[in-house]
1. Of the residues that make up the range 162-181, is at least one part of a helix (DSSP H, G or I), touching a Leu at 6+ places or on another chain (Cβ under 6 Å) and not β-branched (Val, Ile, Thr)?
2. Taking interchain pairs and intrachain pairs at least six residues apart, which have beta carbon atoms under 9 angstrom, with the first residue in the range 174-193 and closer than 13 Å to Ala133 by Cα and in contact (Cβ under 8 Å) with a residue 60 or more places away in the chain and the second surrounded by fewer than 17 Cβ atoms within 10 Å (Cβ to Cβ) and hydroxyl-bearing (Ser, Thr, Tyr)?
3. Among what's in the range 139-148 and is within 21 Å of Pro35 (Cβ to Cβ) and either of a type in the set (S, T, N, Q) or in contact (Cβ under 8 Å) with a residue 60 or more places away in the chain (or both), pick the residue that is surrounded by the most Cβ atoms within 10 Å (Cβ to Cβ).
4. So which residues in the range 1-39 are farther than 22 Å from Ala176 by Cβ and assigned to a loop (DSSP other than H, G, I, E, B)?
5. Being touching a Cys at 6+ places or on another chain (Cβ under 7 Å), buried (at least 17 other Cβ atoms within 10 Å of the Cβ) and part of a helix (DSSP H, G or I) is true for just one of Leu90, Leu42. Which residue is that?
6. Give me the pairs, please: first residue somewhere in the range 97-121 and over 13 Å from Phe167 (Cβ atoms), second residue anywhere and modelled with pLDDT of 95 or more and among the aromatic types (Phe, Trp, Tyr), beta-carbon distance under 7 Å, and either six or more positions apart or on two chains.
7. Every residue in the range 76-87 that is small (Gly, Ala, Ser), surrounded by 13 or more Cβ atoms within 10 Å (Cβ to Cβ) and part of a helix (DSSP H, G or I), please.
Amino acid sequence: MAADLVDGPDGRPRCPWGLSAPEYVAYHDDEWGRPVHGDVALFERLTLEAFQSGLSWLTILRKRDGFRKAFAGFDPTAVAAFGPGDEARLLQDTGIVRNRAKVAAAIANARALIALQDAGGDGALDRLIWSFAPASRPAPSSLADVPATTPESVALAKALKKSGFVFVGPTTAYAAMQACGLVNDHLAGCVAR
């Protein structure tokens, strides 16, 4: 069993970050590390991971409904059509993180996704991202065993950038890989593993 595990309120062992707030318990147990498919769902995760950069993931979790409302349910066609007025509206929206570069990135990434779909059809982002899923590896035994980047996340970031995506460096790409279940970084012995 992993040394860093902590018993949750139900007495079952979890990754320690998954217990610091009620929102984390649900996210840890029910979402993080579970396979996510579909262009809209993956666009949402990439967008949220980019907005999280430099912030606590808890901030993003608590504002997720606000993000969904502000970004039209992460419908890439709708977001790709956003213009300067929408950008100004988003920068005034207290329901999201108001960062000009990240808002612009979300819009640019929606446009990149539409271009990817135009070239490769529906599911093009899903196929692109999942093509970088690594072979399975042993469960990490401690938080120190969980990397910030991997060769696969570096390659995924390069492929996304080549496809016109922005604000998707190797660390953000790896966080998305964790969030979308391409890798399972729940610690050995964690109830969610």
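1. Yes; the residues of the range 162-181 include at least one that is part of a helix (DSSP H, G or I), touching a Leu at 6+ places or on another chain (Cβ under 6 Å) and not β-branched (Val, Ile, Thr).
2. Listed pairs, sorted by first residue: Val183/Ser136; Asn184/Ser136.
3. Pro140
4. Met1, Ala2, Ala3, Asp4, Leu5, Gly8, Pro9, Asp10, Gly11, Arg12
5. Among Leu90, Leu42, only Leu42 is touching a Cys at 6+ places or on another chain (Cβ under 7 Å), buried (at least 17 other Cβ atoms within 10 Å of the Cβ) and part of a helix (DSSP H, G or I).
6. Cβ pairs passing all conditions: Leu113/Phe43.
7. Passing the criteria: Ala78, Ala80.
This table checks each residue for (1) hydrophobic (A, V, I, L, M, F, W, C); (2) touching a residue at least 60 places away in the same chain (Cβ under 8 Å).
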| site | (1), (2) |
| --- | --- |
| Gly33 | no, yes |
| Val36 | yes, yes |
| Leu42 | yes, yes |
| Pro134 | no, no |
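The values are calculated or read from the model by the stated rules, or taken from the named source; none is laboratory data. Source: prediction; values computed, not measured. Because the Cβ atoms are built from the backbone with ideal geometry, glycine has one as well, and the counts that use them run over all protein chains shown.
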